[in-house]
Amino acid sequence: MKLRACLIGAPKCGKSHFIGLLKDHTYHTYRSTIGVDFCSYKIDKNSINIWDTAGSTDYSSITYNFIRNVNLLLCMYKDEESARWIQHYLNTHDIENIDKIVFIYKTNAYNIDTDIEHYSIRCTFSKKSAKECIDFIFKINKKETHRSYCFW
C-alpha cells in the first residue's frame with residue numbers, strides 16, 4: 001500500500017518533531033518549517049509519503065497546493081487553541097478531494113466538526129508513539145491497497 005498525506009497544524013504544535021521521530025532525528029532546538037518538508041516512511045510493503053506543511057499563514061498559498069493534491073489529511077494539534085486553528089482551516093479551505101482525516105493530538109481530544117470520514121489518535125511525541133500513529137493510519141487505509149493517489 002502506498003499512501004500520500006499532508007500534515008497540517010498550527011505553528012509550534014509538533015508537526016516537524018513528529019516527522020523527525022519518523023526519520024529518527026533528534027531535535028535540540030525549535031526551527032520553524034519554511035514552506036513544506038517531506039518524509040517517506042516504509043514498513044514492509046506499506047509506505048506513506050507525508051508533506052509536512054508550515055503552520056504559519058505566511059506560507060498558506062504554498063502549502064494549500066500540497067493539500068489539494070492528496071487524499072489523506074493529517075491534522076495535528078496539542079491544545080484547544082491549535083484545535084481551533086484546525087477547525088478554522090477546515091472551514092475556510094476547499095478540501096473536497098480529501099477522503100479521510102486523521103486528527104493527531106497530544107493530550108486532550110477536541111471535537112472538530114467535519115463531514116469527511118475522520119479518526120483520532122493520541123501521540124505522546126515519543127518515537128514509539130509516532131510509529132504507532134503511522135501503523136494506525138495504515139490500518140484504517142488497508143482496504144485501499146490498490147488505490148492510486150494522485151499528487152500533481
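The values are calculated or read from the model by the stated rules, or taken from the named source; none is laboratory data. Source: prediction; values computed, not measured. Cβ placement follows ideal geometry from the backbone for every residue including glycine, while neighbour counts extend to all protein chains displayed.
The figures follow:
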quantity	calculated
Contacts under 7 angstrom Cβ, first residue in segment 106-119 being over 19 Å from LYS15 (Cβ atoms), partner among the polar types (S, T, N, Q) and surrounded by 12 or more Cβ atoms within 10 Å (Cβ to Cβ), 6 or more apart	ASP113/GLN87
Residue within segment 127-145 that is modelled with pLDDT under 90, assigned to a loop (DSSP other than H, G, I, E, B) and either under 23 Å from LYS12 (Cβ atoms) or aliphatic (A, V, I, L, M) (or both) present	no
When residues of segment 33-57 are limited to those that are surrounded by 13 or more Cβ atoms within 10 Å (Cβ to Cβ) and outside any strand (DSSP E or B), the one modelled with the highest pLDDT	ALA54
Any chance ILE112 is within 23 Å of HIS17 (Cα to Cα), β-branched (Val, Ile, Thr) and either under 14 Å from the mean Cα position of the chain (by Cα) or surrounded by fewer than 16 Cβ atoms within 10 Å (Cβ to Cβ) (or both)	no
Number of positions in segment 60-84 that are modelled with pLDDT of 85 or more and crowded, with 17+ Cβ neighbours inside 10 Å	9
